[in-house]
Amino acid sequence: MRNVSRVYLRAFEPVDLDRFVAWHTSEENRRFKWDGVLTDDEARHAFKEIMVCQESGQPTYQAVVRRHDQELVGQVGIFFIRDDNDCALAYLIDSAFWGHGYATEAARLAINEHLGLHPEHLVCAVIPDGHVASERVASKLGMMPASRSVRAGVAVRRWELNADKRTYPH
């Protein structure tokens, strides 16, 4: 039997703005983000930037939608982090939906989509120390811890997708 993801990815739509703002102004949702909790205006500006990137075809976040009820549960994206072939996975799942595997499924979809277009890229995730849930997601994706550093005053570990696990069964 074919395993079908419980979530799918789509472009953000203007109707998503209020939900997006709620995620990014929530301390619970943003506690492991570099820039912390956003103000209402900062979150609205971030959403506007996503919409502009979508319209121009630039890499940006995609909406993560639960398939069975069309509920918007989060966002996921893969972004270039240097001039070489490194790309970083980033996601945020609304805390109301934590613990259900949606981050792993959304990340897997985003990675497959990205590597389908750019198989030469190395996909990594930079995860703050102590963020056990994101470390589990990275591990389930086939990523391995690669290095440690400090970013914006936060101790982090870089996880890299193992070269032999760059694609997943569909």
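The values are calculated or read from the model by the stated rules, or taken from the named source; none is laboratory data. Values in this document were obtained by computation on a predicted structure and should not be read as measured data. Glycine also receives a Cβ, built like all others from the backbone with ideal geometry; neighbour counts cover every protein chain displayed. Side chains are part of the model used for accessible areas, which takes the heavy atoms of the whole protein and leaves out ligands, DNA and RNA. Shrake-Rupley method; radii C 1.70, N 1.55, O 1.52, S 1.80 Å.
Structural remarks
- Gaussian network model of the chain, Cα within-10 Å springs - most flexible of 112, 85, 29: 85
- Basic side chains Lys and Arg get +1 at the Cβ, acidic Asp and Glu get -1 at the Cβ, and with that the dipole of the chain about its Cα centre reaches some 640 debye.
- Carbon/sulfur fraction of accessible area - the stretch 1-160, other protein chains in place, 1.4 Å, %: 52
- Spin-label model, residue 136 to residue 56: label points 7 Å out along the Cα-to-beta-carbon direction sit 3.9 nm apart.
- Between residue 48 and residue 31, residue separation times 0.36 nm minus the direct Cα-Cα distance comes to 3.9 nm.
- Longest segment of the chain lacking trypsin sites (Lys or Arg not before Pro) that sit in a DSSP loop with at most 10 other Cβ atoms within 10 Å: 83-170
- Residue-wise HN-Hα coupling along the stretch 105-116, computed from phi with Karplus coefficients 6.51, -1.76, 1.60 (Hz; x: Gly, Pro): 5, 5, 4, 4, 4, 5, 5, 4, 4, 5, 5, x
- Over the stretch 5-68, volume per residue of the alpha carbon convex hull, in Å³: 108
- Accessible area per residue, Å², the chain with all protein chains present, probe 1.4 Å: 55
- Three-way shape label, the stretch 88-165, alpha-carbon gyration tensor, a/c 1.5: oblate
- A simple spin-label model places the labels of residue 86 and residue 113 2.4 nm from each other, with each point 7 Å out along Cα-to-Cβ.
- Pairwise centroid distance, computed over Cα atoms, of the stretch 1-31 with the stretch 46-74, Å: 7
- Estimated [θ] at 222 nm from DSSP helical runs (n ≥ 4, -39500 (n - 2.57)) normalised by residues in the chain, nearest 500: -9500 deg cm²/dmol
- Debye-formula intensities of the chain, expressed as log10 I(q)/I(0) at q = 0.17, 0.20 Å⁻¹, are -1.14, -1.60 (one equal scatterer per alpha-carbon, no solvent).
- For residue 135, the accessible surface of its heavy atoms amounts to roughly 50 Å² (probe 1.4 Å, protein chains only, rounded to the nearest 10).
- On the basis of the beta-carbon distance and an R0 of 25 Å, residue 13 and residue 149 show a calculated FRET efficiency of 0.10.
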